[in-house]
Structure formats: C-alpha cells, structure tokens
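Nothing in this text is a laboratory measurement; each read-out follows from the coordinates by a stated rule. On a predicted model such as this, the values are computed, not experimentally measured, just so you know. Glycine also receives a Cβ, built like all others from the backbone with ideal geometry; neighbour counts cover every protein chain displayed.
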There are 2 protein chains.
Amino acid sequence: MGSPEISSDRLWSDLMTMGAIGATSRGGSCRVALSDADCEGRNLFCYWAREAGLDIKIDQAGNIFARREGLDPTLPPLMIGSHLDTQTPGGKFDGVLGVLAGLEVVRALNRADVKTKRAIEIVDWTNEEGARFPGLMGSGIFAGKIPLETALTFTDKDGYTVGSELKRIGYAGSAPVGGRDVYRYLELHIEQGDLLQNSGAIIGAVTNSSWWGGGTIKIHGENGHSQTAPMSRRRNALIGAAKLALEIEAIGARHEPEGMVSATVIDCLPNNLINIPHLCTLKYLIVHATEDGREDVITRIRDAMAKIAAETSLSTTDDYIRYRERQDFDERLLKLTEHVASELGYPSMRLPTLTGHDALNTHFVCPTGIIFVPCKDGISHSELEWCEPEHAYAGARVLLRAALVVANEA
Amino acid sequence: MGSPEISSDRLWSDLMTMGAIGATSRGGSCRVALSDADCEGRNLFCYWAREAGLDIKIDQAGNIFARREGLDPTLPPLMIGSHLDTQTPGGKFDGVLGVLAGLEVVRALNRADVKTKRAIEIVDWTNEEGARFPGLMGSGIFAGKIPLETALTFTDKDGYTVGSELKRIGYAGSAPVGGRDVYRYLELHIEQGDLLQNSGAIIGAVTNSSWWGGGTIKIHGENGHSQTAPMSRRRNALIGAAKLALEIEAIGARHEPEGMVSATVIDCLPNNLINIPHLCTLKYLIVHATEDGREDVITRIRDAMAKIAAETSLSTTDDYIRYRERQDFDERLLKLTEHVASELGYPSMRLPTLTGHDALNTHFVCPTGIIFVPCKDGISHSELEWCEPEHAYAGARVLLRAALVVANEA
C-alpha cells in the first residue's frame, strides 16, 4: 500500500478522449442527453470503469453507478460524480471533469492498493444539462424531486420521450432510482464564472447556490397575410417578443453583477414567411445573489409586458414562473475542501455557484460538497469552454484527498 | 340547352364543406400542403369532379386536372383553377374559392347542357401556400420555373420531402408536368386587401403583380452559459434579431401604403434556456408598388444590419435575397372581366395583386386573367378570413360568363 496519486496525463487523456465523442468544429462537444453520442460516451465510461474493476449498476433513470467496494459493504457509500451529457454545443469539461476525475480517483486508489472503509461510487447522472429534456433530471429522480414516471414521459421537440430514448440507447436499467442511503456526495466542476481566475485561487469551496427564476411569456397577435395586410393593422407577435427580449436584457444589465437575466428561447407561430405571427413564446432565466433581487427582476419583466401590451395591439401572458431557492452546502465538507487544498498548497476561496449541478439534488439526500476549479474567462456552455490541465489535475488531487478522508469515516 | 347559371347555394355549401376539412377552432382551416387534411380535401374535390362527369388526371407534381371535354378535343383547353392547400392556420376562401367556383362553372354548363368548343380543365395546384415547402410550387413546375426533380426534394422542418409526401398521400401521379398547350387560364380569388371593400366594387380585374423581395439574415453571437456569463460580455444573437425585427417593421411603416415589409420567421439556436443563443435566422418579405421602393427597403434593411452590428458585439450576414418582378396581365382578359361584370350589373375596378397566385406562373404559359372579389377588411391567411356569400356568387357568375366566351373561341 502506497500513497495514492492522480495521474495528470491519464486524466487529461480521458478528458480529451471523451471530448472526441460528439466533437464539434471549434473544439467543443455535442453529446446531448440520450443521443447516439451520449450513448457512446456512456459506453466509454463503462468500459473505463470495468477496466478499473468497478461494478456497474444502471437504474431506471439511466443513471450509471460504478462501485468500488469498501471494507464494510454495509456502510452507505461515498458518491462522486457529475454528468457526461453536454449542451448543444457544449464544452469538454462541464460535468465531464467531475465524472472522469472520480474515475481517476479510484484508479489512483487501485494503483496504490488502498482500500477504504466505505464503498466509493462514481456516478454519471442522466440529463443534467436540460438541453433536450428538462434538466437536473437523473439526480432529481434519485433525490425524489421528480417522479420517475413523470420524467420518463418528458418529450423533446421531435416527439421522442425520455423513456423511449433510454431504451433505444440501451440505458433503461432495472435498478430502482434512489431510495437508498448515501453517506456523502462530492462533485468536482469547472466554476463557469471567473471569480477563481480573477482572484488567483485554484480551488473553490462552494458555499451556496443562487436564487433562480425562470419564466415563459406568450405574446399574442393575430395571423394575417404578410404581403397584403396594411402595416398599421398588423398585429405581429414577433414585434412584441422583440421588444420584450430587449427589455429583459436591459433589466439584466441593470442588475449586473449581482443578478443576470436574458431571454434565450423564442418560438414563433406559424413561423412562415407569408403569414404574420400570431403567437410568440419567449423564455428567460434569472440568477440572483438575493431573493429581493430576483423578485425585482420578475416585477420589472411583468411591468415591461404590461407596457408593451399597452403600446401595441398585442397581449402578453405569463405562462408560468419557476423558482428555485438558495441552498447552503455542508460546512464540514467546505472546511475539508479548504483544508485539503491548503495541505496540497493550492490557494482556495469560498464562493457561490450561480448555476445548477446534480449536487443541488443530492443535497436533499446527504451532505454534499462542490469543488470548483477555474475555467478560462468564465466561459462555459460553449465550444470555447476551457480548463487548464494543471487545474483539472489540482481539482482531482483535492477530490482524491477529500474522498480518502470521507470514505474512511465510520 | 338553357342558360347556364351558378347555384349560389351549392357553391356556398361546397366552400363550407371543404372548410370543414382541417377545421380550426376559430372558423378557419388548416390543410397544409401534402398533409392528411390536404389529402382529404383533394379526395373530396376528386369525388365532386367525378360526380360532375369530369375526367381526372394527376401529374407527377400532384396537380389535379379535372377535364370537361370540348367539342374539339384537339384545341388547347381553358384552365380554371387555384389551390386547396391553406396556411397554418388559414381561411376557408383563399385558393379554395377559385377551385370550387370552377367546379360549379362546369356543373352549371352540365345542368344547362351547354357544350363548349374547347375543353375546360379545373385545376387544383399543389402547394401554392408555401407554408411547409417553398410555395407557388405545382404551378411553378407546370410553367417550367421549378424543375420537378428539385421540387420533389424540397424538405420540410421534420425532414419529409415533397416526393415522399406526395406518395404517402396517394397523389404522386404519372402524367408529365406541363409541356402542353393551354389556351387561357382564369383564376377567381379573394382580394386579400381592402381596395374593393373600400371602393364599393364587387369585381376586381387584376392588372399586375407587385415588386417582391425577401431575405434571410443571420445574426451571429456566441454561445455561453445563461446563468453564469456576465451580462456585459453576453453576445446574445436573439438581441440582434430583436433589434432588427423592430427596424424592419419601422421601415415597413415608413413605406406604407405603397410598400410593406415585416420579419415573420425567426429561428434561434440552440434555443435552450440555459445557453445564450449563438445564431438567429430572421426572414422578411417585401411587397412594393415600385421597383425603387423595393430597393429602398432592401437598402434600409442592410443599413440597419450594419448599424446593429456596430452597436453590439454581434455580426450580421445576408444569407440570400430573393426577388420577383412585376408582371402585367393580359389586357384582353381584363377587358372581358370588366365587360362581363358590367353585363351582370356588378361594379368593377382594376387593381393590382400584392401577393402571389398560381396565375403568376401560368402567365408564363398562356394569357392569364385573375378576377378578385372582396374579402372582409382585407384579412386573409387568418382564421378570420371571410368572403360574403353574395360576393363568392358574383365572382363565380363572372367566371362562368368569361369562361363561356373564352372556351368558345376558335
């Protein structure tokens, strides 16, 4: 039994190899959940996990658990994980780092012939990204936040369901989803912001999540012939959506840097050159450091909707507004992350996460810790997303040390 | 042999019956080209045509020709027609009136036992509307303006082609498309504007088509995480599209009433809540009374694109610009329309058509005449589209009288 050490080369090689599946022209990846590329990525992960001697279990939500048995198999395991699915297109690191660093952690333990008291399970959660079906899904089902039956009927734009796509790609497993004890959950992730980069820290200990909001607005106009209807009588729903998108962006600019909001989704009907649109659907997403800030954004958006309806012949309706409240993460795991980083000589800082992670769901199951490493200029959900090899390595080293502590707790 | 007379009741009943196929909740119809509903509409038309003793021929473009033989079968026929496909949703009259009035014309001849020197063919042209595949299609192939092979590969948003959909609905005929002599073409249509209504005229003799233009603009931004990218660094392509849609509408307002332009189609990528759009495609359609006016609109749109690119961190590119030039219709048929209207006591006027009709294609094949009747408030491409029964009747009466003259010419 020696001292377990991460192989920086192997970790980086795995990241680049996984990134080659669904590779895009500008260096990103497109492995949208339950696509052929997601299937290939899962297959590769399972191959590597078996190569490392892990037992694989797939649950009915398609979550993959690769287990390294502990000295006491009756103790609830430490879980380490994240997701292999990406945005459309996405980068090579978001989610992937957390899964593949977990795999390298157990390989490091294997190489050093180190056993742990508790089992360690490396998890690939199904459909974290939400680029095709509603996101934070697999971990949400595991945590009891989304009923399995509901999730299996989630339907994409082309009419395919989660249930049928899980079967099609061969990942509709038989294990029940959740309902079992988990001791702790650790997730290593790129920051997706630029606080670490700007401060010079290499390790981030994530204190809390942010106040989110999101809404769907419908703008109602009236169909008409776009070659014959007089301009002054047109009730073009796209015009209302355009005004609203600009207002929403301006509200975001006003709240910067504490809060942000953009309209990012638009659907226009009938979306046919010769017919004036009668319905536009606009969706926006709010992130804010404070609950009051989030409420102010929602109020301003509603005011803008009313103003636009008054200025034009269009009407606007809120279809629904979603909320997600701030969560605060386990103080003990925060301190452990800081302690381990310090032992290894990495400067660390505490910071919030703006966006969602599977850890926001495991938080409801067990004490949970998120460890951040820098990503270049805070860019993610982009082919330009980048994590320096030494930062990926640093994160995996912190993860390994933290895992050794946690997995040996009684 | 008596005096042939249109049955107002039968014509109206047929219009309402056809409108019930693909009926929508607010009184319109949705029989988009080559859909199941289009198939049902075609089947009903063929049933009525056979009931009237007509011979049906379907060509490789799915155009349906229902022929009433003439005394001299060697003479090129008079064609009367329009289209049964609709917008999504559309009304009960656009196109449908021209086909079903043609059918009632031959029934009137049958009832009165009147033979004509030339054959009369009632035509339902495939996919005039362009709501699913590029429009003015069936008549365009017939006129040699669109190669059949090209049209058969037109693909809709879901990946279905014209060729496969024609086969699926059973209207991939065997007759060659076009390449035969046609003596004259007459098309009865609702005006889709409000000049007739405003002037009190009941019959419109269409002098010419308008100057059209249309374009596709791409607005390029950069993907990014919509929960973490700082507002000031977002390059949201949807924001550029929104600014441009507003500019285009303002340019249209400036040219009213001679010209009009709106953005009516928007496609946003990746159109995913959590990812800042990197690409928006915006499409617009120009109609203008003058060529200079159309050019001015195009210039102003390009100026707006440059201004928006300069103001934002986005770039804009013209994907392509389409043009369609003014066409002038046959003076003899114009005079005939006016003469017949006057004989029947209907006030008439000359006016242009702003939008396209299959007649714009048959114009390249033979002398062509378009007869307009009023539509309520000029509204069309809408479930609210409406033609008064007495106006449909008046149009069919003028069509019958004109057809009797033309079909008996040597």
Notebook entry, point to check: Looking only at B:L360, B:L34, B:L148, which one moves most when chain B is put into a Gaussian network model with springs between Cα atoms under 10 Å?
Noted result: B:L148
Note to self: Once the label point is set 7 Å along the Cα-to-beta-carbon vector, what list of distances in nm do you get between B:F364 and its counterparts in the other copies?
What the structure shows: 6.2
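Given a Förster distance of 25 angstrom, what is the FRET efficiency for A:S342 paired with A:S7, based on the Cβ-Cβ distance and rounded to 0.05? List each step's numbers first, then the result.
Working: r = 23 Å, r/R0 = 0.92.
E(calc), rounded to 0.05, equals 0.65.
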Next item on the list: Would you be so kind as to identify which of A:G259, A:L279, A:A304 lies farthest towards the positive end of the dipole of segment A:218-308, taking Lys and Arg as +1 and Asp and Glu as -1 on Cβ and the Cα centre as origin?
Entry: A:L279
Check: What are the residues whose amide H is under 5 Å from the amide H of A:G62, where those residues sit 5 or more places off or on another chain and H is modelled from the backbone?
Finding: A:G173
Margin query: Checking the a/c ratio against 1.5 first, then a/b against b/c, what shape does the Cα gyration tensor give for segment B:55-145?
Written below: oblate
Margin query: Let me spell out the model: positive unit charges on the Cβ of Lys and Arg, negative unit charges on the Cβ of Asp and Glu, origin at the Cα centre of chain A. What dipole size does that give, in debye rounded to 20?
Written below: 540
Check: What is chain A by shape, rounded, prolate or oblate, if you read a ≥ b ≥ c off the alpha carbon gyration tensor as root eigenvalues and call it rounded for a/c under 1.5, prolate for a/b larger than b/c, and oblate otherwise?
Finding: prolate
Margin query: If amide hydrogens are placed 1.01 Å from N in the peptide plane, which non-local residues have theirs closer than 5 Å to the one on B:S82?
Written below: B:V99, B:V123, B:W125
Check: Restricting to segment B:42-186, what percent of DSSP beta bridges are antiparallel, rounded to 5?
Finding: 55
Item checked: Residues in segment A:183-215 reached by a label modelled at A:T150 [backbone nitrogen below 17 Å; 7 Å Cα→Cβ] -> A:214-215
Next item on the list: Determine, from the Cβ-Cβ distance of A:K115 and A:N208 and an R0 of 56 Å, the FRET efficiency 1/(1 + (r/R0)^6), rounded to the nearest 0.05.
Entry: 0.95
Check: Mind checking which of A:D55, A:D194, A:D303 has the largest fluctuation in a GNM of chain A, springs on alpha carbons under 10 Å?
Finding: A:D303
Note to self: Taking the beta-carbon count within 10 Å as an exposure proxy, list B:D156, B:D358 from fewest neighbours to most.
What the structure shows: B:D156, B:D358
Note to self: Give me the tail of P(r) for segment B:211-324 as a percent: Cα-Cα pairs with distance above 19 Å.
What the structure shows: 44
Item checked: Most fluctuating residue given options B:P257, B:P73, B:P230, as computed from a GNM of chain B linking Cα atoms under 10 Å -> B:P230
Check: If you place +1 on the Cβ of every Lys and Arg, -1 on the Cβ of every Asp and Glu, and leave all else neutral, what size is the dipole of the protein assembly as shown about its Cα centre, to the nearest 20 Debye?
Finding: 500
Item checked: Base-10 log of normalised Debye intensity for the protein assembly as shown (one unit scatterer per alpha-carbon) at q = 0.07, 0.08, 0.09 Å⁻¹ -> -0.63, -0.75, -0.87
Checklist line | Beta bridges per DSSP with both ends in chain B, % antiparallel, nearest 5 | finding: 70
Next item on the list: Please figure out what share of the DSSP beta bridges in the protein assembly as shown is antiparallel and state it in percent, rounded to the nearest 5.
Entry: 70
Check: Straight-line reach from B:K376: which lysines have a Cα under 18 Å away, not including same-chain ones fewer than 8 places off?
Finding: B:K92
Item checked: Share of Cα-Cα pairs in segment A:34-101 lying beyond 16 Å, as whole percent -> 52
Note to self: At a threshold of 8 angstrom on Cα-Cα distance, excluding pairs fewer than six apart, so keeping six or more, what relative contact order does chain A reach in percent?
What the structure shows: 23
Notebook entry, point to check: For segment A:125-163, which trypsin sites (Lys or Arg not before Pro) are both in a DSSP coil and crowded by at most 16 other Cβ atoms within 10 Å?
Noted result: A:K145, A:K157
Margin query: Using alpha carbons only, how many angstrom separate the centre of segment B:276-334 from the centre of segment A:211-275?
Written below: 21
Check: Ordered by packing density, taken as the mean number of other Cβ atoms within 10 Å over each peptide's residues, highest first, how do B:338-347, A:242-251 rank?
Finding: A:242-251, B:338-347
Check: If you draw the axis that swings chain A onto chain B, which residue of A has its Cβ closest to it, and how far is that in whole Å?
Finding: A:A242, 2
Margin query: Need the list of aspartates and glutamates near A:K218 for cross-linking: C-alpha distance under 14 angstrom, and skip anything on the same chain fewer than eight residues off.
Written below: A:D267, A:D318, A:D319
Check: Hey, what angle do you get for helix A:389-407 against the long axis of chain A, alpha-carbon based, 0 to 90 degrees rounded to 10?
Finding: 60
Check: Taking the Cα-to-Cβ direction at A:N198 and at A:R350 and moving 7 Å from each Cα, how far apart do the two end points lie in nm?
Finding: 1.9
